[in-house]
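As structure tokens, the structure follows; a few thoughts come after it.
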Amino acid sequence: MRYDVAVIGGGVIGCAVARELSRYRLRAVVIDKECEVGLGTSKANSGIIHAGHHGAEGTLKGELEWRGNQMWDALARDLHFGFKRVGDLTCAFDEDQRATLRKIMAQGKRRGVPGLELWGPERLRREEPHLSHDIVEALYAPTAGVVNPYEACFMLAESAVRNGVDLALDRTVTDIRRVDHGFDIDVLWRRDVLWRRDVLWRRSGPQGQEMVAERIKSRFVVNAAGLFADAIADMVDAGGFTIRARKGEEYLLDKRLIGYVKRIVFPCPTPTSKGILVIPTYDGTLMVGPTADWSDKDDLTTTAEGSAEAFAGARRLAPGISEKDCIAEFAGLRAVSDTEEFVLGPSRVAGFVLAAGMQSPALTAAPAVATLVVDALRDDGLELVAKDDFEPTVPAPVRFAELDYAEQRALVARDPAYARLVCRCEIVTEGEVRDAIDRGARTLDGLKFRTRVGMGRCQGGFCTWNCMELLRERLGVPLTAVTKRGGDSWVACERTEVGA
Amino acid sequence: MITPKPAHLQPRYDVVVVGAGPAGLAAATGAREAGAERVLVIDRESEPGGILQQCIHPGFGLHHFGEELTGPEYAQRAIEQTLEREVDLLAGAYVLDVAPDRRLKVTSRDHGVAYVDAGAVVLAMGARERTRGAVRIPGERPAGVMTAGFAQKLVNMAGLLPGRRVVILGSGDIGLIMARRLVLEGVEVEGVYELMPHANGLNRNVVQCLHDFGIPLHLSTTVVHVHGRERVEKVTVAPVDERFVPRMGEARDIPCDTLLLSIGLIPDNELAHRLGLRLDPVTTGPVVTSTMETSRDGVFACGNVVHIHDLVDYVSQESLLAGRGAGAYVTGRAGRPDNVRLTPGQNVRYCVPPTITTEREHTVYMRVAQPMAPCTLRLGDIYEKPLRYVFPGEMLTLKVRPRFLEGFHGGSLRVDIVPRDEEPRRAPRTQVTSADAEVHPGGEEA
């Protein structure tokens, strides 16, 4: 089959583009090397929807930050992912930094960012009593928000799929060729064959999959391949830029500290970095980070130095924060272009559109980036005819923990699966996990990022088993075929005698 | 096994016990003994017995039942004892919330979401395992890093294996037990690595699970890096100095596909937090009185929710007491409040209960901070007892009888464990078996 548009990369940019495309009468596909969308850079993101005042004037990053910011309310309403405008505070510790705050404030005002206020120590202490008393002034921006970035990806992708877009997951693009009226995209499909008896004993190692070569044909290509966008562009000679990985480590704190800090707290930015932040995530738990260090494109390690840096930075803002409260850590890789700017729009190859160099504030900008990409496709000759039956919304997932007593009673009377608890730390029911599987979750991480199951303080100690059982039951695979996040990330294997 | 279920969940019970592990079962039994009429035990699993059901190894019950049992056998006895006393059991259910007026919000497949009012509540939710995040092991985050308890469930409940070549971090009892269990299943266990200069689990487990199977125990050594993009491929271990800083010059890589964590248990105190109970910063469990009542009226707690026990036998005994306390509370026969405070002194991390009365017999549980041998346990200046040794992994129990405090009129007793280097050795007053002596060297009548 031939597609009109193939989007390479199912991160938040690719998913947003796919969803934007699904408004029109055309055939589109999203290709991603992971087993679910959003598992790369987008998953390991700080989840901040930036307020709109930080990005420098005259840059794409700066302009799209504010434009994207304003699009999240409608998206979150239609797609039911977690999004909350919690506001942010940029903190000054001395007179120089106070001057910087004023510069950022003026910049935001010129751009039209509303509600910016300077808070003195007294106001700050009243609003955020746990912040350092060394902060002499803070710039408050009510438009900043937090989002669960992986949820946004899942929901954007689900909306796109409901409106006719295909997902081609577990597929690594190996080559792209220009052909008449379009592109041939060669992919290697890593097909999981773990449930086949004959390969069960070879469990440990990549023998658990078989590689299947496929060719996907498409008239247009959108390169939203994140860290690998440079390699993808080079395949058709549409590149001329390089992407480097800048790693950020983040540390999640116990929910005992929910409410300890209510807004996203930034140190005063330097020309190179936004610094270490304290972030109340959408669910309220605090996160500290991210660090920023050049790294390899496959380096997702957390380090002792990164941990020390993140906590030292966080303590400077909120001295009561301690390593002892850490329940989980992760690292993500920013896709940074040579110019540090977004590489966005048409390339020198007609029909090959770029959405690369997507580092912060790319999450914020994603909805705006998607519309720009679609504009670029139209400029390259893609005909856009709006569908009359485009459905902008997806059904709201059930969130048992957020319902009141009467609603919970009514829900479980309708379906008792919502009465059985699967995850006790985050109060997630069997019904919610089942729904997530039915809506596309295939892995333990897929369930975690859709339902919060396993995200709490016990980190899956109790619920992993229940989730494995439910995946087995709903997908009809043995427990040994259940993975953490696809590929070779198996959790359990057969007894030794099978292959001894 | 047939588990009786209440046909109708009553809107009100005299005592509601949260958790049907050994603690909850004993508490329910105790509550009935003390005169509570309607007692309900709620458990999240479909069967009662708690974590014991996956502990298929022997070594349970020597103190409480006077014979050696496996975990499921111990559980079965506890279940029978409880059900004989006409206790209602609601399995496959979960307590979402407890209000200070002891109204519980319960969800279950059989009864949906409902409120249940309790004359007294006993919290017996047990503990959870510390995970990787708690110790922040650097490196990648592949599949195959799991707690020892989860691996135990895979092996003993599902008949699966956690991996083929395993490294164990931490020498907690579950890790030691799993080292042996996995070797018996044909899994290669490369070794057990322990940050501290001493093992964390019971000495008998070090001997029976590691030494007897030739599994090396590397003390003062820790895992400093996890490698593997999708599944664990190797770990890097390094010895640590006296301040627990890894000596990276001596680090080495160990190929493996699994890293089991046995790095401690944490009281599972979600409900205690919700109730706003006073918590002990050392145990992280609720502060209790000598009847195991918490800082809220009519709310009791027992078992690993209060402090981490070494043997289930002590959990049962402590929980029986908590149940009796709850029963006495609802029948209006609660005794007089505690009048003596036990203050942890040298080498004593905590005492549970932290307060006692001069009127009743008490069993006081303690943990030490450092191994010490030989040593002396001192209770203020009124009692002294020589001990062969003390060990952080092994709980100390001390029985305090009223006659022993007859001449005591103070409000506070300091508990110290001090080295006994040059003193002449005195034999313990009562003969104990060698196993007992290892397990609770202080378990003597005062």
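The table for this structure:
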item	result
Percent antiparallel among DSSP beta bridges (both partners in segment A:1-160, rounded to 5)	75 percent
Two-decimal log10 I(q)/I(0) for segment B:155-280, as the Debye equation yields it once each C-alpha is a single scatterer, q = 0.17 Å⁻¹	-0.89
Inter-centroid distance (Cα atoms) of segment B:236-262 relative to segment B:270-321, Å	35 Å
Other protein chain Cβ atoms within 10 Å, averaged over every residue that makes up B:139-148	6
Helix-derived mean residue ellipticity, 222 nm - over the protein assembly as shown, DSSP H n ≥ 4, -39500 (n - 2.57), to 500	-7500 deg cm²/dmol
Per-residue mean of C-beta atoms belonging to partner chains within 10 Å, peptide A:324-335	3
Gain on full stretching of the segment that runs from A:Ala312 to A:Arg125 - 0.36 nm per residue minus C-alpha separation	65.2 nm
Sequence ranges A:217-226, B:68-77, ranked by mean other-Cβ count within 10 angstrom, highest first	A:217-226, B:68-77
For B:102-113, mean number of other protein chain Cβ atoms within 10 Å	5
Between segment A:235-306 and segment B:26-86, the Cα center-to-center distance that results, in Å	48 Å
For A:Phe266, residues with placed amide H under 5 Å, excluding near neighbours	A:Leu89, A:Thr90, A:Cys91
Gyration tensor verdict on segment B:206-273 (Cα atoms; rounded if a/c is under 1.5, prolate if a/b is larger than b/c, oblate otherwise)	rounded
Whole-Hz ³J(HN,Hα) from phi, Karplus 6.51 cos²θ - 1.76 cosθ + 1.60, for segment A:139-149, glycine and proline x	9, 9, 10, x, 7, 5, x, 10, 9, 7, x
nm² value of the averaged projected area, convex hull over the Cα atoms of segment B:320-373	4.7 nm²
Distribution of pairwise C-alpha distances over segment A:400-476, 5 Å bins, in %	3, 18, 29, 25, 16, 9, 1
Kirkwood-Stokes translational diffusion coefficient of chain B, alpha-carbon pairs, 25 °C, 0.890 mPa s, µm²/s	107 µm²/s
Simple label model, 7 Å out from Cα along Cβ direction - A:Ala386 to A:Glu57, nm	3.4 nm
Considering only segment B:171-324, percent of DSSP beta bridges that pair antiparallel, nearest 5	85 percent
C-alpha center-to-center spacing [segment A:81-117, segment A:469-490] in angstrom	46 Å
Local net charge near A:Arg219, Cβ-Cβ under 15 Å (Lys/Arg +1, Asp/Glu -1)	+1
Virtual spin-label span in nm between A:Asp379 and A:Asp296, 7 Å along Cα→Cβ	3.8 nm
Percent RCO, i.e. relative contact order, over chain A, from Cα pairs under 8 Å lying at least 6 residues apart	19 percent
Antiparallel DSSP beta bridges within the protein assembly as shown, as percent of all bridges there, nearest 5	65 percent
Three-way shape label, the protein assembly as shown, alpha-carbon gyration tensor, a/c 1.5	prolate
Karplus-derived HN-Hα couplings along segment A:389-397 (A = 6.51, B = -1.76, C = 1.60, θ = phi - 60°), whole Hz, x at Gly and Pro	9, 4, 9, x, 10, 10, x, 6, x
Extended-chain gain in nm, criterion 0.36 nm per residue less alpha-carbon gap, A:Ile258 and A:Ala304	14.1 nm
Share of Cα-Cα pairs in segment B:97-233 lying beyond 25 Å, as whole percent	41 percent
For segment B:76-152, average projected area of the Cα convex hull in nm²	8.5 nm²
Anisotropy class of chain A from Cα gyration tensor, a/c 1.5 cut	oblate
Estimated FRET transfer efficiency when R0 is 60 angstrom, pair B:Ala158-B:Arg333 (beta carbons, to 0.05)	0.80
Ranked by how many other beta carbons lie within 10 Å on average, peptides A:359-366, B:98-105 from highest	A:359-366, B:98-105
Those GluC sites (Glu not before Pro) in segment A:1-61 that DSSP places in a loop and that have at most 12 other beta carbons within 10 Å	A:Glu57
Approximate shape of segment B:147-196 as ellipsoid semi-axes (Cα gyration tensor, √5λ), whole Å, largest first	17, 12, 8
Residue list for segment A:271-290, given a label point 7 angstrom along the Cα-to-Cβ vector of A:Thr100 and an amide N cut-off under 18 Å	A:271-279, A:289-290
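Every number in this text was worked out from the coordinates using simple rules, so none of it is lab data. As the structure is a computational prediction, the values presented were derived from the model and not from experiment. Cβ sites come from the backbone with ideal geometry, for glycine too, and all protein chains shown count toward neighbours.
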